[in-house]
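Novice: Just dropping this structure here.
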Amino acid sequence: MFRVEPVLVALALVVGCKSKPAEPVAAAAPALHAVGPRVIANDTAYPLYLYGEGFVENMELELQSKRFAVRRLSPTLAAATVEGLVVPEADSLTTLNATLHAGVKPAGTSPLTVVNDADYPWPYALAVIGGEVFVASPTTDTVWHYDAKTPPVAIPVGDRPRALAHYNDGAKDWLVVVHELDGRILLLDTAAPTAKPRTIESRAQAQDIEVQGSTAYITNRLTDRVHIIDLAAGKEVASWPVGENPRAIASGGGKLAVSNLNGDNLVLLDPATGARTEVIVGPSARIVGGHTEPFSDSVMGLKAPRDIVWSPKHQVFLAATLGPNIGPNDQRMEISMNSGVSVIEAGGTFRHHVSMLRGNAEHIALDEQNDIVLAADISRGRVVAFDLTALLAGDSGAVVAQLFIEPPATTRPLRPAADHGVDRRATLSMYSGPAAIVLDGGFAYVLNRFTGTVSKIDYAEAAVGGLRVVATFAAPDLGQQIQRRGGEVVFYTDLGDSRMSCDTCHHEGHNSGILFTKSSPMHIYRTTSLRSISETAPYFTPAGFPSLAKISHFVLARNRLKNGPPSLDEVAALTLYQRTLAPPPNPYVGEQVELPNGEHGNVVAGAALFAANCSGCHPPPMFTPDQAVETRGKLYDTGDVTIPLRPDQQDATPYPVPVPTLVGVWDNHPLFHGGQVGNKLQDGRVVPTPFALADVLDRSNHFDATKLDNRARSDLLAYVLTL
């Protein structure tokens, strides 16, 4: 184990004596100890930190015979950005040796795992405009233009396209493309989508978009704001803070409804003034149908919506959610997932949640003329139809139809076909993965994420149980990473009809607020991010499973409530898939960083403070003792383990907990084992608070932050944000 500390080169000065002056201490020769993060993806440029000693100017980092410039920050810290790394097309990941060059001789090597996202198309976002079908793939930087008769055409766009929308400027229709890692908005002419697009300069880290008239509202997970863009003028006109990692957004009634994934809440925003209203979901929130209906009095908040739509006719927002979040309760019921549609009034009042009884509603669409709401159930492979009138009334019979979308005949399931469709288990349709649904021209179009196909559905008779696929648009080539794709299916789906999947707790492999869960000990936990999980065994506390394969088997069996014991193929596929969950490239790059609270910090000064105060428990490059075999599994008594909500119904006795990795902590919320940092109790519910990382410095079980002035605090926070 090594520590990153400033190299102190001193001269021993002897004053007032005749002895010979001491010789200068020789500077250490350049030596690389590690690079971090140790897991990256190859579909974009990734910033890395280099940790070692004796760093000098003009060093280079070599990977696959490519040389990348290294920026020296201090004698022990340097930075480089790498890109263009190649992994064999059929391989999901590979481990390379990064070699530091600082003169004639190499100055050390360090392992680096590279995930092959560049060859792993990921059908993600869907738009249909006048019958023209478009799908965005973030990993391959493409938008596919589908055709009913031929394979889709790939259109190159910016870095990680994230969301699509329709804009009509009065003369023509445009497809609006926003990106996660590219600060541009692209407008593609839908009549000639391969022609050169219009470009509007904006901000990277966009998540979702809503277009009304010529105004685009874009959520951004770095700024935690909604950015308002005038598409006609091609510029930003305003931005407003909304919460932690805002994602889904809808416009209506003069408000914007915004889902904050990390804050696990929903807020209404006045786009003219920035005034915010949190949708309050607490004890006594009404739940209609499903196993959580009797636990209304134990509600501690809302699970953040996956999608939101506005009903102009009824002046309500409809949100696809996992339902109200069930907290501590006398029956120790811990499965709070009860997916369906929540109804929120224009003023912000939570009316009720109507369950669809099983599965996970990832995306919804509304047809007010025919009083139908359609939900794409990614975890059971189906489309579910709600009667809008019954849904608004809170009628338990609101679900009127369902359609299972069969995958292509070439699909290879990970367990025998006879294991599906029995004992309430999902059918083979779970291999389709309906993830987005759009209405156009009287039809519903459904993007099937796991196969890449798009299903065109006639829902005219949905009110009487009639849903049918009338056309299937052929998929693009999804590459050769067959086992990883199977692991993705396992991660997102619910074979055993438990309402649980890996994704319901770890949305898209990341964190997802808090849950009252895990049988022993039973208390409120934060759901941790799975990014870089392969570097941080053991898993679960206090169980301490030693390997990713062991925990994959355990979680699958538990999620299914033993209805369908995990097969060896499923465990292997899920294990591989989790190994490919790389942290996103850190956007806090540079020696000066603006903090979420508006302050600025110096990264180099912060690194020195971190080395002196924090590296004992959070050693680089993954900033946890679990990164190394010799220190793996170290536990610390933090003095508290959970949020003190109804403590008599929790196992709240403190116990030692592991040190979490700090890689990607800029995008994590809440913090601490039980989610105590970044949340507060208010009227029997858990409410998010901003910038949890700053609150860590004030916790008694960390070093005494009172010895730091404001400048030093900002410097330390700036460095941690860059990890």
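The values are calculated or read from the model by the stated rules, or taken from the named source; none is laboratory data. Computed from a predicted structure; not experimentally measured. Cβ atoms come from the backbone with ideal geometry, glycine included; neighbour counts cover every protein chain shown. Side chains are part of the model used for accessible areas, which takes the heavy atoms of the whole protein and leaves out ligands, DNA and RNA. Shrake-Rupley method; radii C 1.70, N 1.55, O 1.52, S 1.80 Å.
Novice: Below 8 Å between Cα atoms, with a sequence gap of 6+, how large is the relative contact order for the range 64-184 in percent?
Specialist: Answer for the range 64-184 is 14 percent.
Novice: In nm, what is the difference between 0.36 nm times the number of residues separating Asn58 and Ala232 and their Cα-Cα distance?
Specialist: 58.0 nm
Novice: Step by step: find N for the range 41-171, compute 2.2 N^0.38 Å, then divide the Cα radius of gyration by it. What's the final number?
Specialist: Compactness ratio reported: 1.44.
Novice: About the Cα centre of the chain, how large is the charge dipole given +1 on each Lys and Arg Cβ and -1 on each Asp and Glu Cβ? Please answer in debye to the nearest 20.
Specialist: Charge dipole of the chain: 1140 debye, to the nearest 20.
Novice: Let me ask something else about it. Glu368 to Arg468: FRET efficiency via 1/(1 + (r/R0)^6), r the Cβ-Cβ distance, R0 25 Å, to the nearest 0.05?
Specialist: 0.70
Novice: What is the packing order of peptides 407-419, 381-393, 200-212, taking the mean over residues of other C-beta atoms within 10 Å and listing the highest first?
Specialist: Listed from highest to lowest mean packing, they are 381-393, 200-212, 407-419.
Novice: So, one more: FRET efficiency for Leu681 and Asp330, Cβ-Cβ distance as r, R0 = 30 Å, nearest 0.05?
Specialist: 0.95
Novice: Any idea what Rg and Dmax come out to for the range 353-443 if you just take the C-alpha atoms, in Å?
Specialist: 14.3, 43
Novice: Hey, another quick one. With a 1.4 Å probe and all protein chains left in place, how much of the accessible area of the range 440-580 comes from carbon and sulfur atoms, in whole percent?
Specialist: 55
Novice: Rg over Rh of the range 556-698, using C-alpha atoms and the Kirkwood radius, what does it come to?
Specialist: With Rg and the Kirkwood Rh in hand, the quotient comes to 1.01.
Novice: Let me ask another. For the charge dipole of the range 75-156, defined by +1 on Lys and Arg C-beta atoms and -1 on Asp and Glu C-beta atoms about the Cα centroid, which residue among Leu100, Ala80, Ala154 has the Cα displaced farthest towards the positive pole?
Specialist: Leu100
Novice: Size of the chain along its principal axes in angstrom, Cα-based, largest extent first?
Specialist: Taking the Cα atoms of the chain, the three principal extents are 103, 63, 56 Å.
Novice: At a threshold of 8 angstrom on Cα-Cα distance, excluding pairs fewer than six apart, so keeping six or more, what relative contact order does the range 423-573 reach in percent?
Specialist: Normalised by residue count, the contact order of the range 423-573 is 18 percent.
Novice: What value, in deg cm²/dmol to 500, does the helix sum -39500 (n - 2.57) over DSSP H runs of n ≥ 4 give at 222 nm once divided by the residues of the chain?
Specialist: The helix-only estimate for the chain comes to -3000 deg cm²/dmol at 222 nm.
Novice: Taking R0 as 45 Å, what's the FRET efficiency between Glu83 and Leu428 from their Cβ-Cβ distance, rounded to 0.05?
Specialist: Computed FRET efficiency for Glu83 and Leu428: 0.70.
Novice: Can you tell me, using C-alpha contacts under 8 Å and at least 6 residues apart, the relative contact order of the chain as a whole percent?
Specialist: 10
Novice: Right, here's the next one. Could you give the accessible area per residue of the chain, probe 1.4 Å, as a whole number in Å²?
Specialist: It amounts to 38 Å² per residue over the chain.
Novice: Something else now. Report, in degrees rounded to the nearest 10, the 0 to 90 angle that the Cα long axis of helix 603-613 makes with the longest principal axis of the chain.
Specialist: It is inclined by approximately 80 degrees.
Novice: Can you tell me the length gained on complete extension of the stretch Ile482 to Asp648, counting 0.36 nm per residue apart and subtracting the Cα distance?
Specialist: Stretched fully, the Ile482-Asp648 segment lengthens by 55.0 nm.
Novice: Report, in whole Å, the centroid distance computed from the Cα atoms of the range 545-571 and the range 51-122.
Specialist: 35
Novice: Do any GluC sites (Glu not before Pro) in the range 23-109 lie in a DSSP loop with no more than 10 other beta carbon atoms within 10 Å, and if so, which?
Specialist: Those that pass, being in a loop and sparsely packed, are Glu57.
Novice: Same structure again: So for the pair Tyr655, Ala417, with labels modelled 7 Å out along Cα→Cβ, what separation do we get in nm?
Specialist: Output for this residue pair reads 4.5 nm.
Novice: So for each of 219-227, 542-550 I average, over its residues, the number of other beta carbons within 10 Å; can you give me the resulting order with the highest mean first?
Specialist: Ranked from most to least packed, the peptides come out as 219-227, 542-550.
Novice: Taking the alpha-carbon centroid of each part, what is the distance from the range 495-513 to the range 27-43 in angstrom?
Specialist: When both Cα centres are located, 33 Å separates them.
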